[in-house]
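Engineer: Quick one: structure below, then a few questions.
The values are calculated or read from the model by the stated rules, or taken from the named source; none is laboratory data. As the structure is a prediction and not an experimental result, all values here were calculated from the model. With ideal geometry, Cβ positions are generated from the backbone for all residues, glycine too; neighbour counts draw on all protein chains shown.
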Amino acid sequence: MKHCIQRYGKAEVATWYWEVWNEPNISYWKGTPQEYYKLYDFAVDGVRRALPQARVGGPEQAGGGGKFLRDFLQHCIDGKNEATGGHGAPIDFISFHAKGSPQFIDGHVRMGLANQLRNIESGFSTVASFAQFKRTPIIIGESDPDGCAACTGAQLGYRNTALYPCYTAAALARTFQIADKYGVNFQGALTWAFEFENKPYFAGYRVLSTNGIDMPVLNVFRMFALMHGSAATVQISSALPLDSIEKNGVHESPDVNAVAAVDTHQLAVLIWNYHDDDAAGPAAAIDLKFVNIPAASSELTEYRIDGTHSNAHTAWLQLGLRSNRRRSNTPNFRRQVSWKNSNRRNPSESKQAVSAPVLVCPEAGFRYLF
């Protein structure tokens with residue numbers, strides 16, 4: 001901690017989040033839960049002595065709620081603090097991991113969105129059961145479609161495709177929905193992605209780019225970054241109920257859904273057509289209506305991810321670049337896989353698609369939601 005302060009300064013380090021250990025409820029921790037509490041107590045005490053305003057939390061457990069999280073939070077309320085001799089331990093944020101469970105079935109990938117959402121619901125409901133932590137920030141330290149970033153295999157073939165960003169859009173939007181259900185302070189979610197050097201292009205690891213080429217999933221995070229301001233109301237008839245997805249997954253009808261955000265001069269809508277099965281299916285015909293737009297003129301731009309837009313993997317295959325590393329890094333190839341596809345008004349062309357229409361009205365502010 002002192003080294004970090006010396007190198008980066010107190011003001012910068014005070015904005016960081018310090019978690020104690022990783023997944024202490026499984027084999028990464030060899031001691032007892034009580035021994036983890038002791039580690040947590042001394043870690044927080046040491047960090048706070050070096051920087052009193054530092055933000056420290058945990059337990060960064062594998063999975064959502066359950067006995068480990070509940071007992072840890074109880075320790076933070078009134079357990080014996082091994083470092084101070086008092087009772088309870090400071091906790092500035094609560095963290096856990098939530099993972100999906102993809103499978104390879106009948107020649108294609110079937111995602112496990114239901115499993116990830118159940119993890120999240122379990123974690124949020126456990127936190128909400130403690131009045132002391134109802135407003136404590138929650139960070140999902142790893143929120144991913146599967147549990148092993150460094151693994152490859154048939155069930156992980158979704159990582160190169162448009163299914164990954166589509167899944168991510170659906171999962172993150174539902175996370176906010178679950179947070180609203182329990183009234184907890186969901187602050188953010190992280191993906192556990194890496195850089196794997198000296199590996200082939202599109203080797204199947206969980207990454208955001210491959211040898212400098214942006215993966216389709218990176219583009220959905222760019223779409224989310226376009227959404228600022230306040231949440232806007234969306235009325236949509238094709239969204240699946242949350243409890244149905246958690247119970248049955250998305251195995252029959254697709255989940256065609258949307259979220260929106262409104263700012264002074266901009267309205268952004270993120271729409272997805274998601275199905276657990278990465279198999280051929282019908283496109284979703286979307287009739288998008290903006291209501292009560294208080295501007296005489298506006299500009300509509302669409303950013304799209306599907307099999308033919310914002311998809312470096314598809315372009316790479318079409319250009320026959322499987323073994324040509326040099327050509328894959330040319331400016332021409334990068335232009336072809338640019339994620340910006342402006343002024344497209346037709347619906348997405350396939351299942352597993354994400355679209356982000358952004359309406360900008362430079363001469364007037366938005367006064368109404370839609």
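Engineer: Take the stretch 1-42 and flag every residue that is in a helix (DSSP H, G or I), farther than 20 Å from D71 by Cβ and without any contact (Cβ under 8 Å) to a residue 40 or more places away in the chain.
Structural biologist: Passing the criteria: H3, C4, Q6, R7, Y8, A11, E12.
Engineer: I've got another one for you. Please determine, by comparing only the residues of the stretch 43-65 that are assigned to a loop (DSSP other than H, G, I, E, B) and at pLDDT 95 or above, which one is nearest to F130 (Cα to Cα).
Structural biologist: Only one residue fits best here, namely G63.
Engineer: If you go through the stretch 101-112, how many residues are within 21 Å of R174 (Cβ to Cβ), in contact with a Lys or Arg (Cβ under 8 Å, 6 or more places away or on another chain) and in a strand (DSSP E or B)?
Structural biologist: 1
One line per residue, one yes/no per condition, for (1) hydroxyl-bearing (S, T, Y); (2) within 22 Å of A170 (Cα to Cα); (3) in contact with a Ser or Thr (Cβ under 7 Å, 6 or more places away or on another chain):
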residue: R48; (1), (2), (3): no, no, no
residue: D92; (1), (2), (3): no, no, no
residue: A114; (1), (2), (3): no, yes, no
residue: L117; (1), (2), (3): no, yes, no
residue: E121; (1), (2), (3): no, yes, no
residue: S125; (1), (2), (3): yes, yes, no
residue: F130; (1), (2), (3): no, no, no
residue: G141; (1), (2), (3): no, yes, yes
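Engineer: Pairs, please: C-beta under 6 Å, at least 6 apart or cross-chain, first residue within 17 Å of G147 (Cβ to Cβ) and in the stretch 52-75, second of a type in the set (S, T, Y)?
Structural biologist: Pairs that qualify, where the first residue is within 17 Å of G147 (Cβ to Cβ) and the partner is of a type in the set (S, T, Y), are E60/S95; G64/S122.
Engineer: Within the stretch 283-307, take every residue that is within 20 Å of P254 (Cα to Cα) and not charged (D, E, K, R) and give me the one that is modelled with the highest pLDDT.
Structural biologist: By that ranking, first place goes to I305.
Engineer: Quick one: in the stretch 19-45, which of the residues that are under 24 Å from L190 (Cβ atoms) and among the small types (G, A, S) is surrounded by the fewest Cβ atoms within 10 Å (Cβ to Cβ)?
Structural biologist: Among residues in the stretch 19-45 that are under 24 Å from L190 (Cβ atoms) and among the small types (G, A, S), the one surrounded by the fewest Cβ atoms within 10 Å (Cβ to Cβ) is S27.
Engineer: Now for a separate question. Go through the stretch 272-282 and count every residue that is at pLDDT below 90 and surrounded by 15 or more Cβ atoms within 10 Å (Cβ to Cβ).
Structural biologist: Within the stretch 272-282, residues that are at pLDDT below 90 and surrounded by 15 or more Cβ atoms within 10 Å (Cβ to Cβ) number 0.
Engineer: Could you check how many residues of the stretch 125-161 are part of a loop (DSSP other than H, G, I, E, B) and closer than 25 Å to K181 by Cα?
Structural biologist: 7
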